[in-house]
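Nothing in this text is a laboratory measurement; each read-out follows from the coordinates by a stated rule. This is a predicted model, so every value here is computed, not measured. FYI the Cβ positions are ideal-geometry reconstructions off the backbone, even for glycines, and counts take in every protein chain you see.
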Amino acid sequence: MRPLPLTPLFVFHTERQELLQEFCGHAGRITRAVWGQLNRTIISAGEDGTVRLWDVETGKQLAESNEHKKQVNDLTLSADGTHFVTGSTDKTAKVFDAHTLECLRTFQPERPVNAATLSPIFDHVILGGGQDAMSVTLTSSKAGKFETKIYHKVFGEEIGGIKGHFGPINALAVSPDGRSFSSGGEDGA
């Protein structure tokens, strides 16, 4: 198997329509990228399982994490910008420090994690995923593990689960007031 090519990440100025910076380091596709605190950094994740922290001004990589063993599917920054959560095909979600990329907590929901988000008001991590969509017709919804899981961010304990999807959950969003969330999946629900 040949190695994946390096994929660039670009920063454009929208009004002047010009390229401001190019970052290169991920092997394969970049699956997520978010702006860090004060827009001085960019945090990116890819199918190579890495998470990288970039300096926007210089284009240099400041830090790299290889904590995930497979593709990182999602990355969501906390409301205060100090930490973020990732979800991976390796059946883990991890909370990282946004300045050092130190892994602070690992969650193992026993399913691929396609979507991961954080509550802006509670210490809650919300995860969604499930088995690969190609295998859904071969198993029951219970075997596919298509429920949204909620964990305590600090203690790592599972708080609860919400059933409803009968296919993989690929998107999660918490309302700005932190009192509700939505989920979207391949089942059309």
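Values for this structure:
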item: Contact order normalised by residue count of the stretch 6-174, Cα under 8 Å, 6+ apart, percent; result: 13 percent
item: Surrounding net charge for S78, when Lys and Arg each add one and Asp and Glu each subtract one, Cβ distance under 11 Å; result: -2
item: Fraction of beta bridges assigned by DSSP in the chain that are antiparallel (%, nearest 5); result: 100 percent
item: Net charge, A98 excluded, C-beta distance under 15 Å - Lys, Arg +1, Asp, Glu -1; result: 0
item: Inter-probe distance in nm under a simple model that places probes 7 Å from Cα toward Cβ, at R29 and S175; result: 3.2 nm
item: Highest-first arrangement of 112-124, 164-176, where packing means the average Cβ count within 10 Å; result: 112-124, 164-176
item: Principal semi-axes in Å for the chain [√(5λ), Cα gyration tensor, largest first]; result: 28, 20, 15
item: Cβ-based net charge around I121, under 13 Å, with every Lys or Arg adding one and every Asp or Glu removing one; result: -1
item: Between the stretch 28-97 and the stretch 10-26, the Cα center-to-center distance that results, in Å; result: 18 Å
